[in-house]
Each structure stands twice: as structure tokens, then as C-alpha cells.
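Input: a single structure, listed below in C-alpha cells.
None of the figures in this text is laboratory data; all of them are computed from the coordinates on show. What you see is a predicted model; the values in this text were computed from it and never measured. Cβ atoms come from the backbone with ideal geometry, glycine included; neighbour counts cover every protein chain shown.
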Amino acid sequence: MAPDFPLYDAKVARGLEGAADAAGGLVGFLGIRHTEVGPGLLRAELAVRDELLTPFGNLHGGVLSALCDHVLGTVCYPVIPRGAWAATTEFKINLLAPVTEGSLVATARIISLTKRTAVVRIDVENGARVVCAAQGTVLVMQPRGQ
């Protein structure tokens with residue numbers, strides 16, 4: 001059974017769509033783009049580029065890890081109180097197949113949400129193939145005074 005998201009904020013969700021396009025830092029460097037945001041769901045894409053490949057021609061596992069970590073926390077913002085923030089406390093990642101070209105599509109789904117934590121499942125596809133599966137826990141830091 002999917003969790004209920006009574007605090008879902010469509011305005012926050014709309015603000016996240018494509019938001020990573022203009023982001024700086026690692027998210028901006030990687031070129032992560034949010035393509036779908038909904039209650040407990042975030043879909044993001046990343047184009048595989050030569051500078052993200054290892055000397056052996058495969059996408060570096062750190063890129064997949066960074067993508068998973070990004071969507072793990074970001075999926076929470078439309079369903080947690082405004083002013084709260086999400087901090088990854090842990091995640092496990094299974095690298096299932098090598099990636100050499102194309103693009104990645106990461107789908108993050110919140111599978112459990114309480115006032116203090118969220119558990120998120122992430123699947124990453126490269127074309128029709130699942131190349132990575134991850135699951136993690138996010139600490140929800142409530143706004144001051146709550």
C-alpha cells in the first residue's frame with residue numbers, strides 16, 4: 001500500500017520541475033533535470049557524457065551514486081512541511097549493469113514517510129534496462145518551532 005501524503009504541496013512540486021537545469025554545484029555539473037514531480041514521486045534524467053566515463057569507457061559508479069543521493073532527498077520536498085529539509089542518513093546501491101552511452105532516468109518513490117524519516121526506493125534505467133537499484137533513509141528536519 002502506498003503512503004498517503006496529506007502535506008503534498010503542488011506549488012513546491014511545480015517549482016522542482018526542471019529546477020536542476022539551472023542548479024550549480026554537482027547537480028549542475030552532472031546536468032540532472034527533473035522531468036516529473038508528484039506526490040511521493042520524482043523522475044530525473046541525466047545525459048551520459050564522455051567526461052563522466054571511466055578510462056575503461058563505463059559511467060563512473062559515483063555518478064550513479066550522486067544521482068541516487070540527489071533524488072533521494074529531493075523527492076521529499078513536496079510532501080514535508082515548508083521550511084523542513086531532508087538529509088540523507090544512509091542509502092544502499094546495487095550497480096546492476098554497465099552504462100556506456102545514452103541517458104539515465106532515475107525514478108524515486110517514497111515508500112514510507114513519518115514526521116521524522118522517509119524511506120525512498122530508486123530505480124535507474126538506461127534505455128529499457130535497469131542499471132541501478134537503491135534504497136535509502138532521509139531524516140526530515142522540521143522547521144524551527146515545530
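Residue by residue through the stretch 43-66, note down the ones that are assigned to a strand (DSSP E or B) and either farther than 21 Å from E17 by Cα or among the aliphatic types (A, V, I, L, M) (or both).
Of the stretch 43-66, the ones assigned to a strand (DSSP E or B) are 43-47, 53, 59.
A44, L46, A47, L53, L59, listed by residue number.
Out of the stretch 36-75, which residues are of a type outside the set (D, E, K, R) and touching a Gly at 6+ places or on another chain (Cβ under 8 Å)? Show your work before the answer.
Initially, the stretch 36-75 is screened for residues of a type outside the set (D, E, K, R), giving 37-42, 44, 46-48, 52-68, 70-75.
Selection gives L46, A47, V48, C68, L72, V75.
Go through (1) surrounded by fewer than 21 Cβ atoms within 10 Å (Cβ to Cβ); (2) of a type outside the set (D, E); (3) more than 21 Å from A10 (Cα to Cα) for A86 and report which single condition fails.
So A86 meets the others, but not (3).
Take the conditions within 21 Å of A133 (Cα to Cα), assigned to a strand (DSSP E or B) and within 11 Å of the chain's Cα centre (by Cα) and apply them to V105. Does it pass?
In short, yes.
List the number of the failed condition for G73; all other conditions in (1) surrounded by 17 or more Cβ atoms within 10 Å (Cβ to Cβ); (2) closer than 11 Å to A106 by Cβ hold.
If we test G73 against (1) surrounded by 17 or more Cβ atoms within 10 Å (Cβ to Cβ); (2) closer than 11 Å to A106 by Cβ, just (2) comes out false.
Which residue, of L96, L41, L16, is in contact with a strand residue (DSSP E or B) (Cβ under 7 Å, 6 or more places away or on another chain) and over 21 Å from L113 (Cα atoms)?
Numbers: L41 fails: over 21 Å from L113 (Cα atoms); L16 fails: over 21 Å from L113 (Cα atoms).
Step by step, each of L96, L41, L16 is checked, and only L96 is in contact with a strand residue (DSSP E or B) (Cβ under 7 Å, 6 or more places away or on another chain) and over 21 Å from L113 (Cα atoms).
Given the condition touching a Leu at 6+ places or on another chain (Cβ under 8 Å), of a type outside the set (D, E), surrounded by 21 or more Cβ atoms within 10 Å (Cβ to Cβ) and touching a residue at least 24 places away in the same chain (Cβ under 8 Å), answer yes or no: does some residue in the stretch 45-54 qualify?
Within the stretch 45-54 (the criterion being touching a Leu at 6+ places or on another chain (Cβ under 8 Å), of a type outside the set (D, E), surrounded by 21 or more Cβ atoms within 10 Å (Cβ to Cβ) and touching a residue at least 24 places away in the same chain (Cβ under 8 Å)), the answer is yes, since at least one residue qualifies.
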